[in-house]
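> First the structure, which I've put down as C-alpha cells, then a few questions once you've had a look.
Quick note: the coordinates plus some simple rules give every number you see, no bench work behind them. All figures in this text were calculated on a predicted structure; none of them were measured in a lab. Using ideal geometry, Cβ is built from the backbone for each residue, glycine included, and neighbour counts are taken over all protein chains shown.
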Amino acid sequence: MNSLAAPTPHVLKASIESVFVGKSAVVDYALITLLSGGHLLIEDVPGVGKTTLALALAKSMGCSFQRIQLTSDLLPSDILGVSIPNPKTHEFEFRPGPIFNQVVLADELNRATPRTQGALLESMNEHQVTMDGHTHPLPSPFFVIATQNPHEHHGTFPLPESQLDRFMMRISIGYPSAEHERDILSTKSDPELIRRLASRVTLEQLQTWIDQVRQITVASVVDDYLLALVQATRNDPEIRIGISPRGAIALRKAAQARALMQNRNYVIADDLKALAVPVMAHRLVLAHEITDSSRDQAESTLRALLDRVPVPL
C-alpha cells in the first residue's frame with residue numbers, strides 16, 4: 001500500500017473540531033469539498049452551527065471570511081461590487097463586494113431572488129467577477145458555504161436543478177447528541193473560542209494538498225464503477241433526470257479528496273459509495289411529484305441504487 005507523506009489535512013480537521021464538536025463526518029465533507037475545488041450547500045434548521053463551521057474553517061486556514069445574509073431585496077452588486085466614479089480622475093473604479101473573500105458564508109441562499117442567486121453562482125463557477133467589461137479574479141482559495149432552511153417556504157426562491165448542480169455537495173448538520181450538546185453548553189459556546197482560534201496551516205500547504213488531490217490515482221475499474229452508478233441513475237424509472245457529466249466529475253474529484261484525507265494516493269470503490277449521497281442526491285430529479293420530503297426520497301432512491309450496482313472486487 002502506498003501512502004502520502006505528512007502533514008495531512010487532519011491537522012486542519014482537529015482545529016475545526018476544537019470548536020465545532022460532535023460532527024466529524026460534517027467536517028470531513030467540508031474539507032473534502034474544499035480540497036476538491038467545490039462549494040458546499042447546507043440545508044438545515046437555524047442554530048446548528050453552520051456559521052461556526054464556516055468561521056472555524058476560515059480561521060484554521062488563516063483565510064479571509066465574510067458572511068453574506070441573503071434577502072429578497074439584495075442586488076447582485078451588493079455581493080459582487082460596484083463601479084463608482086472617481087472625482088479626481090473622472091474614471092470609474094471598481095469597489096469589490098463581499099464575495100472577494102476566501103471563505104464566504106452565503107446564509108439563506110433561497111431568500112435571494114433568482115437574479116442575485118445567479119450572480120453568486122456564476123462567481124462560484126467562474127472564480128471571477130466581470131463588471132463593466134473588466135474581469136476581476138476572486139481570491140484563492142475560494143470556498144462558498146451556502147445555507148438554506150428546508151422547512152421555510154414563505155418568501156423564498158428555491159434553487160432550480162441547474163443551480164443546485166453547481167454545488168459539489170449538499171449536506172445537513174443535524175442536532176448534536178446529548179453528550180456533545182452538554183459539551184457545547186459547558187465549554188464550547190463561548191464565542192471567544194472561535195476568535196482565539198489560530199491558523200494551523202499556511203496557504204502554501206493548503207495549495208499543496210489541493211495539488212495532491214489532482215494527482216490521486218483512479219484505476220480504470222473504479223472509473224467503471226463510477227460510470228455504472230451514473231448510468232444507473234439515468235435508467236432508473238424512479239428518476240426523471242439522472243446525474244450529469246458534471247456530477248460524475250464532482251464525485252470523482254470528491255473521491256480523490258477522500259483518499260487524501262485517509263492518507264492514500266489511490267481511490268477505492270468505498271470512496272465513491274461513501275460520497276455518492278451528498279454529491280449526487282441533490283442533482284437527481286425524481287419521477288414523482290416534488291414534495292416537502294423530496295430530499296429524503298432522492299436520498300433513499302440513491303441508496304437503493306447503490307445496493308443494486310455491483311461493487312468491483
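> In deg cm²/dmol and to the nearest 500, what is the mean residue ellipticity at 222 nm of the chain if only DSSP H runs of at least 4 residues count, each as -39500 (n - 2.57), divided by the residue total?
Calculated mean residue ellipticity at 222 nm is -13000 deg cm²/dmol.
> I would also like to ask the following. Using the Karplus equation 6.51 cos²θ - 1.76 cosθ + 1.60 (θ = phi - 60°), what ³J(HN,Hα) coupling, rounded to whole Hz, does each residue of region 56-66 give in order, writing x for Gly and Pro?
So the Karplus estimates, Gly and Pro as x, are 4, 4, 5, 5, 5, 9, x, 9, 5, 9, 8 Hz.
> What is the order of I268, I243, fewest Cβ neighbours within 10 Å to most?
Numbers: I268 20, I243 25.
Ranking I268, I243 by Cβ neighbours within 10 Å, fewest first, gives I268, I243.
> Report ³J(HN,Hα) in whole Hz for each residue of region 214-220, in order, from the Karplus equation J = 6.51 cos²θ - 1.76 cosθ + 1.60 where θ = phi - 60°; Gly and Pro get x.
Along region 214-220, the couplings run 5, 8, 5, 6, 10, 5, 4 Hz.
> What share of all Cα pairs of region 29-160, in percent, falls into each consecutive 5 Å distance bin?
2, 10, 20, 22, 19, 14, 7, 4, 2, 1, 0
> Which FRET efficiency, nearest 0.05, do T217 and N263 yield, Cβ-Cβ r, R0 22 Å?
0.95
> Still on this model: Can you give the Rg to Rh ratio for region 216-313, taking only C-alpha atoms and Rh from Kirkwood?
Looking at region 216-313, the ratio lands at 0.98.
> What are the radius of gyration and Dmax of region 101-251, computed over its Cα atoms and given in Å?
19.7, 55
> Write down the percent of antiparallel bridges among all DSSP beta bridges whose residues are both part of the chain, to the nearest 5.
That works out to approximately 40 percent antiparallel.
> If I stretch the segment between S83 and T130 completely, what's the gain in nm (0.36 nm per residue apart, minus their alpha carbon distance), one decimal?
15.8 nm
> Given a cut-off of under 8 Å on Cα pairs at least six residues apart, what relative contact order in percent is computed for the chain? Could the numbers behind the result be given before it?
Numbers: 506 pairs, mean separation 72.5, N = 313.
The normalised contact order for the chain reaches 23 percent.
> Gaussian network model of the chain, Cα springs within a sub-10 Å range: biggest mean-square fluctuation belongs to which of L74, L40, L57?
Ranking L74, L40, L57 by mean-square fluctuation puts L74 first.
> Under the Kirkwood approximation for Rh and a Cα-based Rg, what ratio Rg/Rh is obtained for the chain? Don't skip to the answer; put the middle values down first.
Working: Rg = 20.1 Å, Rh = 20.6 Å.
Ratio value, two decimals: 0.97.
> Same structure again: Where Rh denotes the Kirkwood radius from the mean inverse Cα pair distance, what is Rg over Rh for region 103-155?
My calculation puts Rg/Rh at 1.04.
> Let me ask you something else. Report, in debye and to the nearest 20, how large the dipole of region 216-313 comes out about its Cα centre when Lys and Arg carry +1 and Asp and Glu carry -1 on their Cβ. It would help to have the intermediate numbers written out before the result.
On the way: 12 positive and 11 negative charges, 72 e Å.
The dipole of region 216-313 has a size of about 340 debye.
> Among all lysine pairs in the chain that are eight or more places apart or on different chains, how many have alpha carbons less than 14 angstrom apart?
On the way: K13/K23; K13/K59; K23/K50; K23/K188; K253/K273.
Lysine pair count for the chain: 5.
> Now, a different point. Roughly how many debye, to the nearest 20, is the charge dipole of region 1-100 about its Cα centre, given +1 on each Lys and Arg Cβ, -1 on each Asp and Glu Cβ, and no other charges?
Once rounded to the nearest 20, the dipole reads 280 debye.
> Now for a different question. So what are the radius of gyration and Dmax for the Cα set of region 174-231, in Å?
Using the Cα atoms of region 174-231, the pair Rg, Dmax is 20.3, 50 Å.
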